[in-house]
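None of the figures in this text is laboratory data; all of them are computed from the coordinates on show. This one's a predicted model, so the numbers in the text were calculated from it and none came from an experiment. A quick note on method: Cβ atoms are made from the backbone with ideal geometry, for glycine too, and the neighbour counts reach across all protein chains shown.
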Amino acid sequence: MDSNTLQRPWHYALFQIPALLTAIFFVLAVLTSNLGWFPPNVSVQMMLDLSGSTYQNGNFQGAGTIMAAEIEAVKDYARQNANSGKANLLSLSGFADQVIPITKKFSSNPTEIEQAIDQVVQPSIEQQIGGGTNLDLAVENGLKSLNTQKQQFKEMLVFTDGEINLKPWLAARVKLSGVRLNFLVVDKPVSNSLAQVAGLTGGVALPAFVKTNIEV
């Protein structure tokens with residue numbers, strides 16, 4: 001364990017949080033400037049896992065699903081971010097087998113963000129993005145989006161419930177781009193390799209064990 005890991009207290013324990021909404025909102029709060037870990041004027045690219053495992057039996061965005069909680073948490077965060085006094089610029093995309101942009105640009109306007117989510121994240125996108133979890137493609141697209149930004153500080157936050165790892169060459173590319181890569185892994189332990197990838201870029205990989213209505 002290196003000194004950088006020792007300086008990050010959230011590495012020491014797994015989160016046992018009863019609601020996914022609370023887990024996601026807490027992680028987003030941890031990674032914001034309100035707690036001192038983001039400097040002002042940060043561009044934050046969020047990649048939302050919309051794979052088939054985040055809902056069940058066609059219950060797209062249904063109550064108690066991971067997908068519904070992800071979306072509501074991001075909306076809540078967008079509203080708090082706008083009122084923070086030093087709002088971050090947010091961009092959202094969804095991913096499964098493929099990636100789909102949700103917002104058209106980086107923005108701190110919560111109304112724009114909510115409207116984009118409501119417009120794009122509909123059951124019909126399942127035919128466009130599939131039902132798997134392509135983490136490599138999600139990170140690659142998130143990096144392309146962040147590379148359009150002129151801000152010095154750039155963060156990517158990836159939500160996923162998949163048991164997957166990132167290709168080493170892609171992690172190296174993220175690091176060279178100066179982007180900090182962060183993961184929220186839902187209902188599964190964070191793999192050592194995923195934690196190492198996040199740490200390589202200066203980011204974190206956090207587990208969130210929560211209860212949902214999805215049967216396993």
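The residues neighbouring residue 99, those whose beta-carbon lies less than 10 Å from its own, together hold a net charge of -1 under the Lys/Arg +1, Asp/Glu -1 convention.
Assuming charge only on the beta carbon of Lys and Arg (+1) and of Asp and Glu (-1), the dipole of segment 41-209 about its Cα centre is about 820 debye to the nearest 20.
For segment 41-209, the C-alpha radius of gyration sits at 0.97 times the compact-globule guess of 2.2 N^0.38 Å, with N the residue count. Close amide H pairs (under 5 Å, H built 1.01 Å from N) link residue 134 with 96, 97, residues at least 5 positions away or on another chain. Ordering 181, 71, 131 by the projection of their Cα atoms onto the charge dipole of segment 41-209, which places +1 on the Cβ of Lys and Arg and -1 on the Cβ of Asp and Glu, puts 181 at the extreme positive end. Full extension of the segment from residue 126 to residue 169, taken as 0.36 nm per residue of separation minus the current Cα-Cα distance, would add 12.6 nm. Database remark: amide H of residue 103 closer than 5 angstrom to the amide H of 92 (H placed geometrically; neighbours at sequence offset of 5 or more, or on other chains; Pro and chain starts carry no H).
Taking amide H positions as modeled 1.01 Å from N, with prolines and chain starts lacking one, the residues under 5 Å from residue 183 and 5 or more places away or on another chain are 158, 204, 205, 206. Each residue of segment 200-208 was assigned a 3J(HN,Hα) from its phi angle through the Karplus expression (A = 6.51, B = -1.76, C = 1.60, θ = phi - 60°), giving 4, 8, x, x, 9, 10, 10, x, 9 Hz with x at Gly and Pro. Taking 0.36 nm per residue of separation and subtracting the current Cα-Cα distance, fully stretching the chain between residue 115 and residue 188 would add 23.2 nm.
The loop-placed trypsin sites (Lys or Arg not before Pro) in segment 126-209, going by DSSP, that have at most 12 neighbouring Cβ atoms within 10 Å of their Cβ come out as 150. As a quick test, which of the pairs 104/175; 86/175; 105/154; 75/144 have an alpha carbon distance above 19 angstrom in this structure? Check vs 19 Å cut-off fails for 104/175; 86/175; 75/144.
For residue 188, the lysines whose Cα falls under 17 Å of its own Cα, not counting residues fewer than eight places away in the same chain, are 211. Our coupling estimate for segment 97-105, obtained by passing each phi through the Karplus curve with A = 6.51, B = -1.76, C = 1.60 and θ = phi - 60°, is 6, 10, 10, 10, x, 9, 9, 8, 7 Hz, Gly and Pro reported as x.
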